[in-house]
Amino acid sequence: CETFRPQARAVARRQLGIPDSARMALFVGRPESRKRPQWALRAASALGLTLHFAGPGTLDGAVPLGALNREDLAAAYSAADLVLAPTAYEGCSFAILEALACRAALVTTKVGWTHDLCRALPEAHDFVSPHNDLSAFQRHAENVLSGGADGAILDASVYIRTSMTLDRFGAEWIKAIEAVLKP
């Protein structure tokens, strides 16, 4: 999708009304316990970042951005110094795919589809933390924020933008359906 692509941070921040000097982390999604918004709050605080929250509802301690349209959500990924996705459960998170497509600095956990990402790109371990260890998540966040995963984020962004397209998904579904229908 062309909406989710890298953008200049200053332009994205102007679009959202966020000062250039802000130290901003971003959490995207519903603030439910299995997505661990409290981990995002703790990691952001430990790194001196203000957590911004894009999604429905409220998240105490975070700056609310509300439920954003696609263009503003893409800008939010690009505006953030760090995207935090400490989920305990995901199948294939749109927020993670979108953040990576935007080449956002991201820290997430090894659940669901991220296992496949780590198999395809072993360097993704630089930003994919064990799913059950808050301390490891915070260490990964510090590493990513300091630029320690820039190469892995770039590789993952290219991978997402070239391999995770709707055309590719459609072709894979057609192959799966054809395999089921074969006698």
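The values are calculated or read from the model by the stated rules, or taken from the named source; none is laboratory data. Remember, it's a predicted structure, so these values are computed and weren't measured experimentally. Cβ atoms come from the backbone with ideal geometry, glycine included; neighbour counts cover every protein chain shown. Note: accessible area is taken over every heavy atom of the protein model, side chains too, but ligands, DNA and RNA are not part of it. Shrake-Rupley method; radii C 1.70, N 1.55, O 1.52, S 1.80 Å.
Miscellaneous remarks
- Flag for E98 being touching a Gly at 6+ places or on another chain (Cβ under 6 Å) and open to solvent by less than 40 Å² (accessible area, probe 1.4 Å): no
- Number of the condition not met by L166 [criteria: (1) modelled with pLDDT of 90 or more; (2) over 14 Å from the mean Cα position of the chain (by Cα)]: (1)
- Failed item, numbered, when V83 is tested on (1) open to solvent by 20 Å² or more (accessible area, probe 1.4 Å); (2) closer than 21 Å to D150 by Cα; (3) of a type in the set (V, I, T): (1)
- Residue-level analysis places R42 outside the set of residues that are in contact with an Asp or Glu (Cβ under 8 Å, 6 or more places away or on another chain) and either under 19 Å from F137 (Cα atoms) or open to solvent by less than 70 Å² (accessible area, probe 1.4 Å) (or both).
- Subset of the stretch 101-124 that is in contact (Cβ under 8 Å) with a residue 12 or more places away in the chain, more than 22 Å from R34 (Cβ to Cβ) and not aliphatic (A, V, I, L, M) - its residue that is surrounded by the fewest Cβ atoms within 10 Å (Cβ to Cβ): E123
- Among (1) in contact with a His (Cβ under 9 Å, 6 or more places away or on another chain); (2) in a loop (DSSP other than H, G, I, E, B); (3) open to solvent by less than 40 Å² (accessible area, probe 1.4 Å); (4) not acidic (D, E), the one test that Y89 misses: (3)
- Candidates A176, A171, A136, A141: the one that is open to solvent by less than 60 Å² (accessible area, probe 1.4 Å) and in contact with a helix residue (DSSP H, G or I) (Cβ under 7 Å, 6 or more places away or on another chain) is A141.
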